[in-house]
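Asks: Dumping the structure here so I can ask a few things about it.
No lab work stands behind these numbers, since they all come straight from the coordinates. Computed from a predicted model, the values in this text were never measured in an experiment. Ideal geometry is used to build each Cβ from the backbone, glycine not excepted, and the neighbour counts take in all protein chains shown.
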Amino acid sequence: MSPTLDTFERLLAATGNHLSLTPMTRWAQVPVGHGRIAFVPDRLPDLPVSQALRTTRLPIHLDWSSPTREVRLADRRERLQAYEVALREGRPVDIESMVDGALLVDGWEEMFLPRALRTAWQPLVEEVVHDV
């Protein structure tokens, strides 16, 4: 016999936690020119602050030229450069693990992106900006 949802919620509450639901992200493959595709989600990623501002190593498929591939996401310049690479070259897992929607919107106008890629992401950015 498995516990009911009420039982599960009581167990979570006893540990100081609560149950919440997050919609699953759906990804579209968007042609961005020269036979290349980019992945665009149906919603902006939302990272915890500690993950959004951490120091991380880019996967080799995103940065094959830097000896350390290290990026300090707390540094705005480094973060926006990493976001540009992630949006252009990244897989959904790369984008979900590195790009925070609020920080993306904050730096959106400063980012250098191919026109087709910018056009594909623009509705997500506008949705947030219009809600503010």
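Asks: Taking only the alpha-carbon positions of the range 41-112 and ignoring solvent, what does the Debye formula give for the base-10 log of I(q)/I(0) at q = 0.16 Å⁻¹?
Replies: Taken in order of the listed q values, log10 I(q)/I(0) reads -0.48.
Asks: Per the Kirkwood definition applied to all pairs of different Cα atoms, how many angstroms is the hydrodynamic radius of the range 1-58? Could you put the intermediate results ahead of the total?
Replies: On the way: mean 1/r = 0.0637 Å⁻¹.
The answer is 15.7 Å.
Asks: Mind ranking 60-71, 99-110, 7-18 by how tightly packed they are, going by the mean number of other C-beta atoms within 10 angstrom, highest first?
Replies: 99-110, 60-71, 7-18
Asks: Please compute the alpha carbon radius of gyration of the chain, then divide it by the globular-protein estimate 2.2 N^0.38 Å. Two decimals is fine. Each step should come with its number before you reach the end.
Replies: Values: Rg = 17.7 Å, N = 132, 2.2 N^0.38 = 14.1 Å.
Taking the Cα Rg and dividing by 2.2 N^0.38 Å, one obtains 1.26.
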